[in-house]
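Following: one structure in structure tokens, then a few remarks.
The values are calculated or read from the model by the stated rules, or taken from the named source; none is laboratory data. In this text, all values refer to a predicted model and were calculated from it rather than measured experimentally. Backbone-built Cβ (ideal geometry, glycine too); neighbour counts: all protein chains shown. Ligands, DNA and RNA are stripped out before the accessible areas are found, and what is left, the full protein with its side chains, is counted by its heavy atoms. Shrake-Rupley method; radii C 1.70, N 1.55, O 1.52, S 1.80 Å.
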Amino acid sequence: MKIDVLSLFPEMFHGVLESSILKKARDKGAVDVAVTDFREYADNKHKTVDDYPYGGGAGMVLKPQPIFDAVADLNKEGSKARVVLLCPQGERYTQKKAEELSKEEHLIFVCGHYEGYDERIREHVITDEISIGDFVLTGGELGALVIIDSVVRLLPDVLGNKASAVEDSFSTGLLEHPHYTRPSDFRGMKVPDVLTSGDHKRIAEWREEESLRRTFLRRPDLLENYELSESQKKMLNQIEKTHRSDV
């Protein structure tokens with residue numbers, strides 16, 4: 001996968017891209033990430049990329065020319081990249097969107113600053129507008145890093161265990177079950193007996209039930225559109241009864 005990032009602050013990406021899974025993925029050749037200061041594409045002698053908004057108002061607006069030309073240059077070899085604008089007005093980012101983007105060959109992220117973007121950028125350059133949540137950041141860089149991390153870890157052979165990404169919270173539609181490791185008894189707090197039983201069928205059932213329990217208690221909204229199997233319906237019914245008796 002090829003990922004290009006257009007940012008006025010490329011230095012914000014260095015530490016993250018040179019660490020952990022992202023660094024390993026780049027070293028393996030699973031992904032090629034390049035960060036470009038789109039100020040380099042400004043066609044005026046002062047390299048300004050913003051201007052006052054027509055009609056007045058607070059703040060400055062990013063001009064269309066630098067971003068139009070930068071995206072055209074990154075696509076000049078015939079690439080049909082998905083061009084993602086980081087914007088609080090965009091669709092809410094989800095694991096489903098991460099899985100969708102992970103199937104692309106080329107992604108371009110546009111990270112803005114100031115008050116906003118010239119609307120012609122949205123209308124003629126951008127293919128996707130994404131928000132990572134209902135809050136406002138100083139710029140799009142942190143949002144782009146979040147999306148890049150979530151997409152790259154889904155690429156083939158990036159994670160050491162192929163099952164890891166499949167079993168993540170949200171990938172199955174439910175929150176992930178609890179995890180435990182050694183020692184089995186830590187200061188009197190013990191690992192559930194089922195996990196040390198060696199009975200893989202019982203362990204799988206326990207994990208499924210705990211995943212349902214955690215989703216019911218923490219994110220019940222996820223269950224609204226989740227298609228439960230018959231066995232899961234029985235589990236959830238028992239979970240609801242237990243919860244009502246405990247309240």
Compactness check, the stretch 188-247: C-alpha Rg relative to the 2.2 N^0.38 Å globular estimate gives 1.24
To the nearest 20 debye, the chain has a Cα-centred charge dipole, built from +1 on Lys and Arg Cβ and -1 on Asp and Glu Cβ, of 840 debye
Pseudo-spin-label distance residue 72 to residue 204, built 7 Å along Cα→Cβ, given in nm, is 5.6 nm
The alpha-carbon center of the stretch 102-158 and that of the stretch 189-214 are separated, in whole Å, by 38 Å
For the stretch 134-224, inverting the pair-averaged 1/r of distinct alpha-carbon atoms gives a Kirkwood value in Å of 16.0 Å
Counting only protein heavy atoms and rolling a 1.4 Å probe, one gets per residue an accessible area for the chain in Å² of 60 Å²
Sorted by accessible surface (1.4 Å probe, heavy atoms of the protein chains only), largest first, 48, 215, 181 come out as 181, 48, 215
Per GNM of the chain with C-alpha springs under 10 angstrom, the most fluctuating residue out of 182, 122, 26 is 182
Computed for the stretch 1-130: size of charge dipole around the Cα centre, +1 on C-beta of each Lys and Arg, -1 on C-beta of each Asp and Glu, debye to nearest 20, value 360 debye
Rounded to the nearest 0.05, FRET efficiency between residue 46 and residue 11 (Cβ-Cβ, R0 30 Å) equals 0.90
Exposed-loop cut sites defined as chymotrypsin sites (Phe, Trp or Tyr not before Pro) in DSSP loop states with at most 15 other Cβ within 10 angstrom; longest site-free run of the chain spans 55-134
Of all stretches in the chain that avoid GluC sites (Glu not before Pro) placed in a DSSP loop and having at most 13 other Cβ atoms within 10 Å, the longest is 106-223
Bridge orientation stat for the stretch 36-142 from DSSP, antiparallel percent rounded to 5, came to 15 percent
Karplus-derived 3J(HN,Hα) from phi for the stretch 68-79 (6.51 cos²θ - 1.76 cosθ + 1.60, θ = phi - 60°), whole Hz, x at Gly and Pro, runs 4, 5, 5, 5, 4, 5, 5, 9, 5, 8, x, 5
Per-residue accessible area, 1.4 Å probe, largest first, puts 12, 189, 235 in the order 189, 12, 235
Residue 34 and residue 58 label points (each 7 Å along its Cα→Cβ direction) are spaced in nm at 3.8 nm
In the stretch 119-210, taking the dipole from +1 charges on Lys and Arg beta carbons and -1 charges on Asp and Glu beta carbons about the Cα centre, the listed residue (121, 147, 175) farthest towards the positive end is 175
Among 190/234; 24/190; 103/233; 47/80; 47/97, the pairs whose Cα-Cα distance exceeds 30 Å are 24/190; 103/233; 47/97
Rg (one decimal) and Dmax (whole number) from the Cα set of the chain, in Å, equal 22.9, 72
Asserting the computed 222 nm helical MRE of the chain (DSSP H runs at least 4 long, -39500 (n - 2.57) per run, divided by residue count, to nearest 500) equals -11000 deg cm²/dmol
Excluding ligands, DNA and RNA, the carbon-plus-sulfur percentage of the accessible area of the stretch 152-247 with a 1.4 Å probe reads 48 percent
If every Lys and Arg gets +1 and every Asp and Glu gets -1 at its Cβ, then about the Cα centre the stretch 143-247 yields a dipole, in debye to the nearest 20, of 300 debye
With R₀ set to 35 angstrom, the calculated FRET efficiency between the beta-carbons of residue 240 and residue 181, to the nearest 0.05, is 0.70
Taking R0 as 35 Å and r as the Cβ-Cβ distance between residue 231 and residue 20, the FRET efficiency 1/(1 + (r/R0)^6), rounded to the nearest 0.05, comes to 0.40
Reported to the nearest 10 Å², residue 47 has, with a 1.4 Å probe, an accessible area equal to 80 Å²
Rounded to the nearest 10 Å², the accessible area of residue 39 using a 1.4 Å probe with every protein chain kept is 80 Å²
Checking 223, 62, 155 against a Gaussian network model of the chain (alpha-carbon springs below 10 Å), the top fluctuating residue turns out to be 223
